[in-house]
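Novice: Got a structure here, written out as structure tokens. Questions coming.
A short reminder: the numbers here are calculations on the coordinates, not readings from a lab. Since we're looking at a predicted model, the values are computed, not measured. Glycine gets a Cβ as well: all are built from the backbone with ideal geometry, and neighbour counts include every protein chain shown.
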Amino acid sequence: MIRESRNAAEAGGHITDVEVRGLDGLPVHLTSSDLEVLGSMLGVPLLRPGDSGWASAVLLWNGLIKKEPALVVQPTSAREVSAVVRFAAANRLQISTKGGGHNIAGSAIADGGLTLDMSRMNTVTVDPVAMLAQVGPGCLLQDVDRATQEHGLATVLGFISEVGVAGLTLGGGLGYLSRRFGWTVDNLEEVEIVTADGLVRTASRHDNADLFWGVRGAGANLGVVTRFTLRLHEVGPTVFGGLIAWPFERADEILRRYRTLTSRAPRELAVWLILMTAPAEPFIPERWQGKKICAMAVCYSGELDKVPEVLDSLLEIGDPAVDLLAAQPYTHVQSYLDDSEPKGLHYYWKTEYAVELSDGLLSTIRELFAECPIEGAELGILHLAGALNEHPEDDGVVGNRNARYVIGSNGMWDPGDPAADSYRAWIRESWERQRPFTGGRSYINFQTADEGQQQVRAAYGTNYERLVQVKTKYDPDNLFRTNRNVAPMESTGS
């Protein structure tokens, strides 16, 4: 059942020993017999460095993060996940779970540890009558969007089609439909989850309600979800959206108009504002390629005959450098920004929520981008106000029910760029200059690896202490720690 490594084959076909990082950070020596025990519980092979499929199994989107596990398992069922979790707990191994591998902090990989690559559990089952989707943890957003749009249905997911559904959802989840339907976890009906004791549990508002509460925003801390049940809504299949942009020289005007637009927009309209350098792509007029622009990514999911009325204040801005707005499939809008985040580049972000777009914040954003030294940088504003603000703060640990915008300073550059350290320094400085106008809390999925425990605590606000209690109940040894970690009380782990 266990795939032999190259060294094993050269040694005569025997499975070799391996060292895996333990919960205390020290190596744990696993013998060939240990590995045979694990393999006997699985219907899939263990992967080790050099094996076929290893490179894709350990690939992370953010090339800035350099991690590699010692072992990878690609389970196909909750039973196999349970076996791996029990094995990791018994041997006190660091364990991580990889859905899409798109997290900015690279939390999908336990460096030197054991990684569950969920890519084989990637089925989507849609019940159009009940308006529910059963989603496997290895699914990407595009998998769910394509399956649900066959029925003119959608749920709240992100806006990059290769993001993993599991990581997005377990951190709360936001996207173009958040204004209408809230956080992704506001649309989560049930999960099947393997907890640290290896038990396969069902959690919902009625079953294991405390666990379900914690899953909705901090799920990576509490177990390995093997099935998501998501509520669907009538959306598409045709929406109005795309990209429109103006020269950066008009930034003061565009920023003010964006504030007015978002203050009046119906919930069916989501508009992201992005200050960026126009790429050298065919859809960008040559005269604007390489120039700084003020772009808006638009998704209007309401009645198409109302487009002229709803987007009037946007369209009247006039004289855009780029105008790609059109009625088009929802799946196209969901993948519109894919090329802006190619795999393998180095990414570094700083983000926070904001309640309003004050004059001071808007002028600071304009000044920052005017002086920005990173060609691949973006200063972004995501408009979220709407349904999520109507839930109580403690409806799921996700909280942040007063968030109306996300403000972000995002940088990307090629591996080996000699200015990388100065780029990161500029992004941190940019973040600090914007913070006086924000609320001091941020989206957990956008937190980078160097943000400390204070930022994790701030992300959950008044829900943090209750989350610690849930963590202590279901993961007292902090087995699931390769994440934006919330430690249990009196943890026996490090």
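Novice: Compute the acute angle (0 to 90°) between the alpha-carbon long axis of helix 359-370 and the principal axis of greatest extent of the alpha-carbon atoms of the chain; round to the nearest 10°.
Specialist: The angle comes out near 80 degrees.
Novice: Would you calculate, for the chain, the mean residue ellipticity at 222 nm contributed by helices, counting each DSSP H stretch of 4 or more residues as -39,500 (n - 2.57) and dividing by all residues, to the nearest 500?
Specialist: -7500 deg cm²/dmol
Novice: Please work out the C-alpha center-to-center distance from region 107-181 to region 233-279 and express it in whole Å.
Specialist: 25 Å
Novice: Would you please classify the overall shape of region 351-452 from the alpha carbon gyration tensor, given that a ≥ b ≥ c denote the square roots of the eigenvalues, rounded means a/c under 1.5, and beyond that prolate means a/b larger than b/c while oblate covers the rest?
Specialist: prolate
Novice: Measuring from label point to label point, each 7 Å out along Cα→Cβ, what is the Glu371 to Arg256 span in nm?
Specialist: Going from the Glu371 label point to the Arg256 one covers 2.3 nm.
Novice: Kindly provide the GluC sites (Glu not before Pro) of region 357-399 that DSSP labels as loop, not H, G, I, E or B, and whose Cβ sees at most 10 other Cβ atoms within 10 Å.
Specialist: Glu371
Novice: At a threshold of 8 angstrom on Cα-Cα distance, excluding pairs fewer than six apart, so keeping six or more, what relative contact order does the chain reach in percent?
Specialist: Averaging sequence separation for qualifying contacts and normalising by length gives 15 percent for the chain.
Novice: Based only on other Cβ atoms within 10 Å, what is the fewest-to-most ordering of Ile284, Ile95, Ile444?
Specialist: Ile284, Ile444, Ile95
Novice: How many times 2.2 N^0.38 Å is the alpha carbon radius of gyration of region 6-120?
Specialist: Rg over 2.2 N^0.38 Å, computed on Cα atoms: 1.01.
Novice: So if each residue of separation counts as 0.36 nm, and I subtract the Cα-Cα distance between Asp24 and Asp414, what length gain in nm does that give?
Specialist: 137.0 nm
Novice: How far is helix 464-474 tilted off the main Cα axis of the chain, in degrees rounded to 10, range 0 to 90?
Specialist: Its long axis makes an angle of about 30 degrees.
Novice: Can you list, largest first and rounded to whole Å, the semi-axes you get for region 259-377 by taking the square root of 5 times each eigenvalue of its Cα gyration tensor?
Specialist: After scaling each eigenvalue by five and taking roots: 24, 20, 15 Å.
Novice: Taking R0 as 25 Å, what's the FRET efficiency between Gln289 and Ser422 from their Cβ-Cβ distance, rounded to 0.05?
Specialist: 0.50
Novice: Within 10 Å of each residue's Cβ, count the other Cβ atoms and sort Cys372, Cys294 from fewest upward.
Specialist: Arranged by neighbour count, lowest to highest, Cys372, Cys294 become Cys372, Cys294.
Novice: If you put +1 on each Lys and Arg Cβ and -1 on each Asp and Glu Cβ, how big is the dipole of the chain around its Cα centre, in Debye rounded to 20?
Specialist: Charge dipole of the chain: 640 debye, to the nearest 20.
Novice: I need to check one value: relative contact order of region 124-234, counting alpha carbon pairs closer than 8 Å and at least 6 residues apart, in percent.
Specialist: Relative contact order, region 124-234: 31 percent.
Novice: Let's see if you can work this out: charge +1 on each Lys and Arg Cβ, -1 on each Asp and Glu Cβ, no other charges. What is the dipole magnitude of region 124-234 about its Cα centre, in debye to the nearest 20?
Specialist: Charge dipole, region 124-234, about its Cα centre: 240 debye, nearest 20.
Novice: Pull out the extension gain between Lys66 and Ala90, defined as 0.36 nm times the separation in residues minus the alpha carbon to alpha carbon distance; nm, one decimal.
Specialist: So the extension gain works out to 5.9 nm.
Novice: So which aspartates and glutamates pass the test for Lys473, namely a Cα distance under 16 Å, with those fewer than 8 places away in the same chain ruled out?
Specialist: Asp197, Asp207, Asp210, Glu465, Glu490
Novice: Let me ask something else. Determine Rg/Rh for region 238-446; Rg is computed over alpha-carbon atoms and Rh is the Kirkwood hydrodynamic estimate from the same atoms.
Specialist: My calculation of the ratio gives 0.95.
Novice: Once the Cα atoms of helix 78-90 and of the chain are each reduced to a long axis, what angle between those two axes, in degrees from 0 to 90 to the nearest 10, is obtained?
Specialist: 70 degrees
Novice: Multiplying the sequence separation of Leu199 and Asn389 by 0.36 nm and subtracting their Cα-Cα distance, what value in nm do you get?
Specialist: Using 0.36 nm per residue and subtracting the Cα-Cα distance, I get 64.9 nm.
Novice: Moving to a separate point now. Report Rg (one decimal) and Dmax (nearest whole number) for region 124-234, counting Cα atoms only, units Å.
Specialist: 12.9, 40
Novice: Quick one: Debye curve from the C-alpha atoms of region 127-183, no solvent, what's log10 I(q)/I(0) at q = 0.16, 0.19 Å⁻¹?
Specialist: The Cα Debye sum returns log10 ratios of -0.44, -0.63.
Novice: How far apart, in nm, are the 7 Å Cα→Cβ label points at Glu316 and Glu429?
Specialist: 4.0 nm
Novice: So if I place +1 on the C-beta of Lys and Arg and -1 on the C-beta of Asp and Glu, and nothing else carries charge, what would the dipole magnitude of region 393-494 be about its Cα centre? I want it in debye, nearest 20.
Specialist: Result for region 393-494 is approximately 300 debye, rounded to the nearest 20.
Novice: Across all directions of projection, what mean area in square nanometres is found for the Cα convex hull of the chain?
Specialist: 22.9 nm²
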